[in-house]
Amino acid sequence: MQKAAQRPVLLRRETLSLYRSFIRSCKAFPFAPLRPKLLHNVREMFEITRCRQLQTEEQVSKYLQQGRSDLEVLNKLATLDEYSFKIVFERMK
């Protein structure tokens, strides 16, 4: 069982790891014109979340889980072929 003092350190490490994974995925995104916007959005969301007063480890864990899910979606979008990618983003206009 983890000591209570170690848990915040682990959550911080998880958060930094998730942030770095997002940055790597954004920089490798196949549609270059979207990269700057993706990077901006990731930085902005992490900053907004950091500024929130999260009271419990459970709240932090919830945000981490949502972030991992969002990263999975981003990585799946990156695997689309050019034709499919255009279809997805044409419908979003």
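Taking each DSSP H run with n ≥ 4 as -39500 (n - 2.57) and averaging over every residue of the chain yields -26000 deg cm²/dmol at 222 nm. Per residue, the average separation of C-alpha pairs within less than 8 Å and at least 6 apart gives the range 1-90 a relative contact order of 36 percent. A simple spin-label model places the labels of residue 32 and residue 13 3.8 nm from each other, with each point 7 Å out along Cα-to-Cβ. In plain terms, the chain from residue 43 to residue 80 could stretch by 10.9 nm, reckoned as 0.36 nm per residue minus the Cα-Cα distance. Per residue, the accessible area of the chain comes to 80 Å², computed with a 1.4 Å probe over protein heavy atoms only. What is the chain by shape, rounded, prolate or oblate, if you read a ≥ b ≥ c off the alpha carbon gyration tensor as root eigenvalues and call it rounded for a/c under 1.5, prolate for a/b larger than b/c, and oblate otherwise? Since a/c reaches 1.5 and a/b is larger than b/c, the shape of the chain is classed as prolate.
The values are calculated or read from the model by the stated rules, or taken from the named source; none is laboratory data. Keep in mind the model is a prediction, meaning the values are calculated, not measured. A quick note on method: Cβ atoms are made from the backbone with ideal geometry, for glycine too, and the neighbour counts reach across all protein chains shown. We work out accessible area using only protein heavy atoms, side chains counted, and drop any ligands, DNA or RNA first. Shrake-Rupley method; radii C 1.70, N 1.55, O 1.52, S 1.80 Å.
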